[in-house]
Amino acid sequence: MTYCVGMMLDAGLVLMSDTRTNSGVDNISIFRKMFHWSVPGERMIAVMTAGNLATTQAVVSHLDFGARGLAGRRNPLLEAETMFDVAGAAGKLLWDSIYGPGAMSSGGQFSANMIVAGQIRGQDPKLYLIYPEGNFIEATFDTPFFQIGETKYGRPIIIRGYKRAMSFESAAKLLMVSFDSTIKANLSVSAPLDLLVIEKDRFEPLHERRIEGDDPYFSAISEQWGAALERALEGMADYTF
(Lines give C-alpha, C1' and ligand atoms only; values in the text may rest on other atoms or scores of the structure.)
Protein backbone atom coordinates (compact mmCIF):
# COMPACT_ATOMS: atom_id res chain seq x y z
CA MET A 1 0.00 0.00 0.00
CA THR A 2 1.04 3.64 0.14
CA TYR A 3 0.58 6.87 2.04
CA CYS A 4 1.49 10.20 0.43
CA VAL A 5 0.57 13.75 1.44
CA GLY A 6 1.02 17.04 -0.37
CA MET A 7 0.36 20.21 1.62
CA MET A 8 0.05 23.87 0.59
CA LEU A 9 1.40 26.61 2.85
CA ASP A 10 1.76 30.35 2.44
CA ALA A 11 5.52 29.77 2.20
CA GLY A 12 5.36 26.95 -0.36
CA LEU A 13 4.71 23.21 -0.47
CA VAL A 14 5.58 20.26 1.77
CA LEU A 15 5.40 16.65 0.55
CA MET A 16 5.92 13.32 2.31
CA SER A 17 5.58 9.71 1.18
CA ASP A 18 6.30 6.27 2.50
CA THR A 19 8.17 3.64 0.49
CA ARG A 20 6.48 0.32 1.27
CA THR A 21 4.88 -1.83 -1.42
CA ASN A 22 3.46 -5.30 -0.92
CA SER A 23 1.79 -8.14 -2.76
CA GLY A 24 0.87 -10.04 0.38
CA VAL A 25 2.51 -10.34 3.77
CA ASP A 26 5.39 -12.41 2.38
CA ASN A 27 6.28 -10.07 -0.51
CA ILE A 28 7.14 -6.64 0.89
CA SER A 29 9.56 -4.28 -0.85
CA ILE A 30 10.82 -0.71 -0.71
CA PHE A 31 10.26 1.55 -3.71
CA ARG A 32 10.53 5.32 -3.95
CA LYS A 33 7.18 7.04 -4.56
CA MET A 34 8.34 10.67 -4.63
CA PHE A 35 10.18 12.15 -7.63
CA HIS A 36 11.10 15.67 -8.67
CA TRP A 37 12.66 17.57 -11.56
CA SER A 38 13.77 21.17 -11.72
CA VAL A 39 15.05 23.80 -14.11
CA PRO A 40 17.09 26.19 -11.92
CA GLY A 41 15.49 29.61 -11.78
CA GLU A 42 12.56 28.51 -13.92
CA ARG A 43 10.51 25.64 -12.42
CA MET A 44 10.34 22.93 -9.78
CA ILE A 45 7.99 19.98 -10.27
CA ALA A 46 7.38 17.02 -7.92
CA VAL A 47 5.26 13.90 -8.32
CA MET A 48 4.09 11.33 -5.77
CA THR A 49 2.49 8.06 -6.82
CA ALA A 50 0.14 5.45 -5.35
CA GLY A 51 -1.38 2.33 -6.86
CA ASN A 52 -0.14 -0.37 -9.18
CA LEU A 53 3.65 -0.20 -9.12
CA ALA A 54 4.21 -1.16 -12.76
CA THR A 55 1.78 1.56 -13.86
CA THR A 56 3.39 4.31 -11.79
CA GLN A 57 6.90 3.22 -12.72
CA ALA A 58 5.97 3.45 -16.40
CA VAL A 59 4.90 7.06 -15.91
CA VAL A 60 7.92 8.02 -13.83
CA SER A 61 10.37 6.29 -16.18
CA HIS A 62 8.94 8.22 -19.11
CA LEU A 63 9.39 11.49 -17.22
CA ASP A 64 12.85 10.60 -15.96
CA PHE A 65 14.11 9.46 -19.37
CA GLY A 66 12.70 12.64 -20.88
CA ALA A 67 14.39 14.85 -18.29
CA ARG A 68 17.72 13.23 -19.19
CA GLY A 69 17.10 13.15 -22.93
CA LEU A 70 17.15 9.33 -23.11
CA ALA A 71 15.32 6.79 -25.29
CA GLY A 72 13.80 9.50 -27.46
CA ARG A 73 11.48 10.54 -24.64
CA ARG A 74 10.51 14.01 -23.50
CA ASN A 75 9.37 15.22 -20.11
CA PRO A 76 6.24 17.28 -20.79
CA LEU A 77 6.24 18.55 -17.21
CA LEU A 78 9.37 20.54 -18.02
CA GLU A 79 7.86 22.00 -21.19
CA ALA A 80 4.35 22.97 -20.06
CA GLU A 81 3.61 26.70 -19.81
CA THR A 82 1.49 26.55 -16.66
CA MET A 83 1.06 24.21 -13.70
CA PHE A 84 -2.44 23.50 -15.01
CA ASP A 85 -0.79 22.21 -18.18
CA VAL A 86 1.67 20.22 -16.05
CA ALA A 87 -1.24 18.48 -14.31
CA GLY A 88 -2.90 17.81 -17.65
CA ALA A 89 0.29 16.28 -19.08
CA ALA A 90 0.75 14.10 -16.00
CA GLY A 91 -2.87 12.99 -16.25
CA LYS A 92 -2.46 12.04 -19.90
CA LEU A 93 0.61 9.94 -19.14
CA LEU A 94 -1.27 8.18 -16.34
CA TRP A 95 -4.29 7.54 -18.57
CA ASP A 96 -2.08 6.20 -21.35
CA SER A 97 -0.41 3.80 -18.92
CA ILE A 98 -3.76 2.48 -17.65
CA TYR A 99 -6.11 2.69 -20.64
CA GLY A 100 -3.94 3.50 -23.69
CA PRO A 101 -2.90 1.17 -26.55
CA GLY A 102 0.29 0.18 -24.74
CA ALA A 103 -1.39 -0.47 -21.40
CA MET A 104 -0.58 -3.69 -19.55
CA SER A 105 -4.20 -4.85 -19.52
CA SER A 106 -7.50 -3.86 -21.06
CA GLY A 107 -10.24 -2.23 -19.09
CA GLY A 108 -7.98 -0.35 -16.66
CA GLN A 109 -7.50 -3.26 -14.27
CA PHE A 110 -4.39 -1.62 -12.81
CA SER A 111 -5.25 1.67 -11.13
CA ALA A 112 -3.07 4.49 -9.79
CA ASN A 113 -3.25 8.06 -8.51
CA MET A 114 -0.70 10.85 -8.39
CA ILE A 115 -0.10 14.10 -6.56
CA VAL A 116 1.62 16.75 -8.65
CA ALA A 117 3.13 19.81 -6.97
CA GLY A 118 5.41 22.64 -7.98
CA GLN A 119 5.86 26.11 -9.33
CA ILE A 120 6.73 27.78 -12.64
CA ARG A 121 8.41 31.19 -12.58
CA GLY A 122 5.92 34.05 -12.56
CA GLN A 123 3.13 31.83 -11.21
CA ASP A 124 2.03 30.71 -7.76
CA PRO A 125 2.89 27.25 -6.37
CA LYS A 126 0.19 24.69 -7.20
CA LEU A 127 -0.90 21.30 -5.93
CA TYR A 128 -3.02 18.79 -7.90
CA LEU A 129 -4.58 15.39 -7.35
CA ILE A 130 -4.54 13.26 -10.52
CA TYR A 131 -7.12 10.49 -10.93
CA PRO A 132 -6.60 7.26 -12.91
CA GLU A 133 -8.84 8.59 -15.70
CA GLY A 134 -6.40 11.47 -16.21
CA ASN A 135 -8.63 14.21 -14.84
CA PHE A 136 -7.54 16.21 -11.80
CA ILE A 137 -8.48 18.74 -9.15
CA GLU A 138 -6.48 21.63 -7.71
CA ALA A 139 -5.88 22.34 -4.04
CA THR A 140 -7.59 25.49 -2.76
CA PHE A 141 -7.92 27.44 0.48
CA ASP A 142 -10.84 25.16 1.36
CA THR A 143 -8.94 21.97 0.44
CA PRO A 144 -5.26 22.82 1.09
CA PHE A 145 -3.83 19.30 1.13
CA PHE A 146 -4.19 16.03 -0.75
CA GLN A 147 -3.62 12.44 0.33
CA ILE A 148 -3.34 9.28 -1.72
CA GLY A 149 -3.09 5.66 -0.64
CA GLU A 150 -3.96 4.68 2.93
CA THR A 151 -5.39 8.05 3.95
CA LYS A 152 -7.92 7.45 6.73
CA TYR A 153 -5.60 7.03 9.72
CA GLY A 154 -3.49 10.14 9.19
CA ARG A 155 -6.19 12.49 7.94
CA PRO A 156 -7.68 13.50 11.33
CA ILE A 157 -4.23 14.58 12.52
CA ILE A 158 -3.75 16.92 9.58
CA ILE A 159 -7.28 18.34 9.76
CA ARG A 160 -6.81 19.28 13.42
CA GLY A 161 -3.24 20.54 13.20
CA TYR A 162 -2.97 22.23 9.81
CA LYS A 163 -2.64 26.01 9.48
CA ARG A 164 -1.82 27.58 6.14
CA ALA A 165 0.53 30.10 7.79
CA MET A 166 2.50 27.45 9.69
CA SER A 167 6.26 27.14 9.16
CA PHE A 168 7.89 24.43 7.08
CA GLU A 169 9.30 22.96 10.27
CA SER A 170 5.86 22.76 11.91
CA ALA A 171 4.37 21.25 8.77
CA ALA A 172 7.07 18.57 8.66
CA LYS A 173 6.38 17.75 12.32
CA LEU A 174 2.64 17.54 11.63
CA LEU A 175 3.22 15.18 8.72
CA MET A 176 5.47 12.97 10.81
CA VAL A 177 2.72 12.61 13.42
CA SER A 178 0.25 11.80 10.63
CA PHE A 179 2.57 9.17 9.20
CA ASP A 180 3.34 7.72 12.64
CA SER A 181 -0.38 7.30 13.31
CA THR A 182 -0.82 5.59 9.93
CA ILE A 183 2.15 3.27 10.45
CA LYS A 184 0.87 2.28 13.90
CA ALA A 185 -2.55 1.38 12.44
CA ASN A 186 -1.63 -0.23 9.12
CA LEU A 187 1.24 -2.58 8.35
CA SER A 188 1.08 -1.72 4.63
CA VAL A 189 2.60 1.72 5.33
CA SER A 190 6.14 1.95 6.68
CA ALA A 191 9.43 3.82 6.72
CA PRO A 192 11.66 4.84 5.12
CA LEU A 193 9.78 8.09 4.52
CA ASP A 194 10.72 10.74 1.97
CA LEU A 195 10.29 14.42 2.81
CA LEU A 196 10.50 17.30 0.30
CA VAL A 197 10.10 21.02 1.01
CA ILE A 198 9.53 23.41 -1.91
CA GLU A 199 9.90 27.07 -0.98
CA LYS A 200 8.00 29.62 -3.04
CA ASP A 201 10.12 31.18 -5.84
CA ARG A 202 13.14 29.00 -5.10
CA PHE A 203 12.82 26.48 -8.01
CA GLU A 204 14.95 23.85 -6.33
CA PRO A 205 14.41 21.79 -3.17
CA LEU A 206 14.77 23.78 0.03
CA HIS A 207 15.01 20.57 2.02
CA GLU A 208 15.04 16.91 1.01
CA ARG A 209 15.48 14.00 3.38
CA ARG A 210 14.94 10.28 3.74
CA ILE A 211 13.70 9.33 7.20
CA GLU A 212 14.62 5.79 8.22
CA GLY A 213 12.59 3.74 10.67
CA ASP A 214 15.16 4.26 13.43
CA ASP A 215 15.56 7.99 12.82
CA PRO A 216 16.08 9.64 16.26
CA TYR A 217 13.78 12.60 15.59
CA PHE A 218 10.97 10.50 14.12
CA SER A 219 11.25 8.07 17.05
CA ALA A 220 11.07 10.96 19.52
CA ILE A 221 8.01 12.41 17.77
CA SER A 222 6.31 9.00 17.95
CA GLU A 223 7.01 8.60 21.66
CA GLN A 224 6.04 12.18 22.53
CA TRP A 225 2.80 11.98 20.56
CA GLY A 226 1.80 8.76 22.30
CA ALA A 227 2.58 10.25 25.71
CA ALA A 228 0.69 13.45 24.89
CA LEU A 229 -2.41 11.46 23.94
CA GLU A 230 -2.27 9.55 27.22
CA ARG A 231 -1.98 12.79 29.22
CA ALA A 232 -4.84 14.38 27.27
CA LEU A 233 -7.10 11.38 27.89
CA GLU A 234 -6.28 11.32 31.60
CA GLY A 235 -6.99 15.03 31.87
CA MET A 236 -10.48 14.84 30.40
CA ALA A 237 -13.62 14.69 32.52
CA ASP A 238 -14.33 11.17 33.76
CA TYR A 239 -17.25 9.20 32.39
CA THR A 240 -19.63 8.04 35.11
CA PHE A 241 -22.40 5.42 35.27
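For the reader, a short list of remarks on this structure follows.
- As for segment 102-113, it holds at least one residue that is modelled with pLDDT under 95, in a loop (DSSP other than H, G, I, E, B), under 14 Å from A50 (Cβ atoms) and over 16 Å from the mean Cα position of the chain (by Cα).
- Residue match in segment 77-89 (condition: closer than 23 Å to T151 by Cα and modelled with pLDDT of 95 or more): yes
- Residue in segment 88-98 that is assigned to a loop (DSSP other than H, G, I, E, B) and of a type outside the set (S, T, N, Q) present: no
- Of the residues in segment 53-67, none is at pLDDT below 95 and in contact with a Gly (Cβ under 8 Å, 6 or more places away or on another chain).
- Test: residue in segment 140-155 that is loosely packed, with under 15 Cβ neighbours inside 10 Å, of a type in the set (F, W, Y) and more than 19 Å from M48 (Cα to Cα): yes
- Wholly enclosed strands (runs of 3 or more DSSP E) of segment 1-57 bearing at least 1 residues touching a residue at least 24 places away in the same chain (Cβ under 8 Å) and crowded, with 22+ Cβ neighbours inside 10 Å: 3-9, 12-17, 20-22, 34-39, 43-51
- Here A90 passes the criteria (1) farther than 18 Å from I120 by Cα; (2) within 18 Å of the chain's Cα centre (by Cα); (3) of a type outside the set (D, E, K, R) except the one numbered (1).
- Residue match in segment 219-237 (condition: under 17 Å from D18 (Cβ atoms) and in contact with a Leu (Cβ under 9 Å, 6 or more places away or on another chain)): no
- Across segment 74-89, a minimum of one residue is classified as among the basic types (K, R), touching a helix residue (DSSP H, G or I) at 6+ places or on another chain (Cβ under 7 Å) and farther than 28 Å from A191 by Cα.
- Qualifying residue in segment 111-120 (condition: surrounded by fewer than 19 Cβ atoms within 10 Å (Cβ to Cβ) and without any contact (Cβ under 8 Å) to a residue 60 or more places away in the chain): no
- Pick from segment 41-86, criterion among the acidic types (D, E) and over 16 Å from I130 (Cα atoms), ranking: nearest to the chain's Cα centre (by Cα): D64
Yes/no matrix, rows are residues, columns are (1) farther than 18 Å from R210 by Cβ; (2) out of contact with any Lys or Arg (no Cβ under 6 Å at 6 or more places or on another chain); (3) not hydrophobic (A, V, I, L, M, F, W, C):
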residue: V14; (1), (2), (3): no, yes, no
residue: R32; (1), (2), (3): no, yes, yes
residue: V47; (1), (2), (3): no, yes, no
residue: G51; (1), (2), (3): yes, yes, yes
residue: A54; (1), (2), (3): yes, yes, no
residue: V59; (1), (2), (3): yes, yes, no
residue: G72; (1), (2), (3): yes, yes, yes
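The values are calculated or read from the model by the stated rules, or taken from the named source; none is laboratory data. Because the structure is predicted, anything quoted here is derived from the model rather than measured. As a convention, Cβ positions derive from the backbone with ideal geometry for all residues, glycine included, and neighbour counts pool all protein chains shown.
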